[in-house]
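One structure is given here, and the rest of the page talks about it.
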Amino acid sequence: MSASGSRGRGRGRRVNRIDIGPPEPYRSQSIAIIPEKFHQGNKENRMMNRPPSSSSTTTSSGRKPSTDHCKSTSRSSTNRAKSTHSHRNSIRSAVPDTSIISIAQRPDQGGTEAANRDNTWRPAKKDDRFLILRKIIEREHFPLVWYDEGKSLYSIELLVDLKDQYEIIIKDKKSDREQKYRLLIINLVKSYDIQVLWDFIENKIAIRPRDPIRILETLLKQTTRATMVCVKNQFYDRRQDLDDLGDGRGLAHGFYQAMFLTKIGATLNINSTFTCFYQPFNLVDFLCEYLQHNIIRDGIDEREQQLLLRKVLKPIWLETHHTESVRKYRIRGFGASARQHTFPRIVDGTNEDNQERQSVYEYFLEKYQITLKYPNLPTVELYTPPNKTQFHYLPMECCTIQAWQRSIKPLTTDQRARVTKKTVVNPTQRYQSIMDIIQIRNFNQDKYLNEIGMSIDDQQMLTVPARFIPPPEIKYKSGRDGQSDIVERINIGKWNLRNRFQKTRTIDRWACVLISSQKPNPNQLSIAKQFIDQFPYIIKQYGICFQTNPIMFSDPANPQVIHDRLRELKEKNCEVVLIILNGVGEDIYKSIKYSGNQKLGIVTQCTDFVAIAKNIRNKKLDMYLQNLVQKFNAKLGGVNGMVSLARALTSSSTKDDI
């Protein structure tokens, strides 16, 4: 098997087809499967003529069954033929020709279950199932099996001696709390012959064998899944420190791994990846970071509370550490402050409404001898799924964001720039990064691969033929007469904007609005005025003309105020509104675009105050506006440049092929 490290993840390309396009012009990581150990045992297996079989298990807990696991069995029969590709004859499969994989359907009862206090069972959490099954496999000395985190359990040999049920007690490392789990074994449901992988590669069958590919991918991920954070086909080391993004999130570095079928055989695609996780902060610190102000001093108003619940908090798991055990909750809402929120005082295990009431602040002082630092902050209303009817009001400072929760919230413009600076590297650095991943992953020391005789050729990247494609030529209008075409040549994806756009328009009426999170000071107003004065003169050289001076306003960062202002400007027949964003969040930007584009139909062009101030100070406003004006002209219905078709449609010389 070979592994490829491409520019992207390589999804969507079936390089195993005969009628593919030209090869990709880059190197990819090559990992070849060397199956000698396994194939030596195939003769004996064929002599036994033992029919393949497998049993299935399910992983669930409690009153309802959860997702299933299944076991699969396989026996080899004949040696794998070598690849017929001319320059890669050593690539062949370590998986036997008659390797059989089975999958179990979801049962009516069964699975990995967690015991409730009343001796009933509930579905085990998905994140716990992998650990539970590993513990049971080690204790019971199962034969080689691998697990796909909730749906199936696979094996390459007959599983005939397993019991129908296994129970285990596991102690939580943080809380020392013991939890009882049960694993139920169901039965064999379906078997797969791995031979179909090579039948597909050799075009003997037309349908891509998705299930066998997934089964081998699961095998290749077993060791990594046990020690790293897994996000689909991406893996992240838990020991790393996140690169802070400034809003309660951090950037983690990891790698992507997936198996593909290509002309030369089965290959692994390996690439470096980055993704965002929430920082494991105390909830008070997290909200200060996210809201970009000190909530200890300023508090959290109703609008911010609703924003937090809608945008970030509801799907996040919180942990509490003030009791003897670590407890996990989800948040449903906010309550009164710890001093103001009261409930009946608990006496002799009861809390009748007619008894004396106590505040959350008093309860923590009496019950846990904890003096709250921020008793005037709102409490948080917490619950434990699936029981959403029972909830607790706890102080924010007693809650912590559970570590390694992925954030899918879009990045801001500044964050994207910071992430791009860190993640975009030159080819040499990318090559070394991928090779470092391969070295750390150490496939040939993986016990699962060793057990089935699979070895990986990870010493070199796979080399494929490529060619240089000449860049296109972009035509603009001459800056002198505005009529004749001028061709700009592209150099490594860049070119200078020194002439007029192909098609522009004249603006009769326009406006400029400064939107600020706080009242702008005189210096900020002065910088905004300089930008507005220079803007029409700088972009005039590209063919966009303004007939009048702009209508100018300075407004607070309030969605309703913004909507009303845009509606007013629309009624005044403004054709375009230039908006300067001064210290506002992504939510304000989205409000502007929603009101302008969807509700009112008025063209808006946003720009960042910090970028304006920096470029005015460094006397680089012309360069900054080169990028801005291209988007600006397109929004006005203009055409910036045109590709020279004569050059674009001309075939390149074969001498550039490498």
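The values are calculated or read from the model by the stated rules, or taken from the named source; none is laboratory data. Owing to the predicted nature of the structure, the values given are computational and were not obtained by experimental measurement. A quick note on method: Cβ atoms are made from the backbone with ideal geometry, for glycine too, and the neighbour counts reach across all protein chains shown. The protein model used for the area step is the full one, side chains on, heavy atoms only, and it has no ligands, DNA or RNA in it. Shrake-Rupley method; radii C 1.70, N 1.55, O 1.52, S 1.80 Å.
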Complete set of residues in the stretch 177-222 that are touching a Pro at 6+ places or on another chain (Cβ under 9 Å) and among the aromatic types (Phe, Trp, Tyr): Tyr192, Phe200
Going through the stretch 419-448 in order, the residues found to be in contact (Cβ under 8 Å) with a residue 40 or more places away in the chain and out of contact with any strand residue (DSSP E or B) (no Cβ under 8 Å at 6 or more places or on another chain) are Pro427, Asp446, Lys447
Of the residues in the stretch 371-406, those that are touching a Cys at 6+ places or on another chain (Cβ under 9 Å) and either of a type in the set (Val, Ile, Thr) or in a loop (DSSP other than H, G, I, E, B) (or both) come to Leu372, Val380
From Asn558, Asn573, grab the single residue that is open to solvent by 40 Å² or more (accessible area, probe 1.4 Å) and at positive phi. Asn573
With the condition kept exactly as written, say whether any residue in the stretch 347-363 is crowded, with 18+ Cβ neighbours inside 10 Å and assigned to a loop (DSSP other than H, G, I, E, B). no
If the requirement is being open to solvent by 20 Å² or more (accessible area, probe 1.4 Å) and on the phi > 0 side of the Ramachandran plot, which of these qualifies: Glu167, Glu149, Glu178, Glu157? Glu149
Output the qualifying pairs, or none if there are none: Cβ atoms under 8 angstrom, residues six or more apart or on different chains, first residue in the stretch 383-399 and touching a residue at least 60 places away in the same chain (Cβ under 8 Å) and open to solvent by less than 60 Å² (accessible area, probe 1.4 Å), second residue part of a loop (DSSP other than H, G, I, E, B) and hydroxyl-bearing (Ser, Thr, Tyr). Met396/Tyr374; Glu397/Tyr374
Those residues that are open to solvent by 30 Å² or more (accessible area, probe 1.4 Å), among the polar types (S, T, N, Q) and in a helix (DSSP H, G or I), I need them from the stretch 407-422; list them, please. Thr413, Thr420
Within the stretch 527-542, can one find any residue that is surrounded by fewer than 17 Cβ atoms within 10 Å (Cβ to Cβ), assigned to a helix (DSSP H, G or I) and touching a Gly at 6+ places or on another chain (Cβ under 9 Å)? yes
What's the total number of residues in the stretch 594-609 that are surrounded by 12 or more Cβ atoms within 10 Å (Cβ to Cβ) and assigned to a helix (DSSP H, G or I)? 7
Return a yes/no flag: does the stretch 614-635 have any residue that is open to solvent by less than 90 Å² (accessible area, probe 1.4 Å), part of a strand (DSSP E or B) and either modelled with pLDDT under 95 or under 15 Å from Ile539 (Cα atoms) (or both). no
Touching an Asp or Glu at 6+ places or on another chain (Cβ under 7 Å), without any contact (Cβ under 8 Å) to a residue 12 or more places away in the chain and closer than 20 Å to Tyr624 by Cβ: is that true of Asn496 in this structure? yes
Identify, please: which residue in the stretch 241-284 is of a type in the set (S, T, N, Q) and farther than 25 Å from Asp458 by Cα and is, among those, most open to solvent (accessible area, probe 1.4 Å)? Asn282
Pick from the stretch 506-521 the residues that are under 16 Å from Val610 (Cα atoms) and not in a strand (DSSP E or B): which of them is least open to solvent (accessible area, probe 1.4 Å)? Pro520
Note: among Tyr476, Tyr431, Tyr448, just one is of a type in the set (Phe, Trp, Tyr) and over 29 Å from the mean Cα position of the chain (by Cα), namely Tyr476
Within the stretch 212-239, track down each residue that is open to solvent by 50 Å² or more (accessible area, probe 1.4 Å) and either acidic (Asp, Glu) or touching a strand residue (DSSP E or B) at 6+ places or on another chain (Cβ under 7 Å) (or both). Arg238
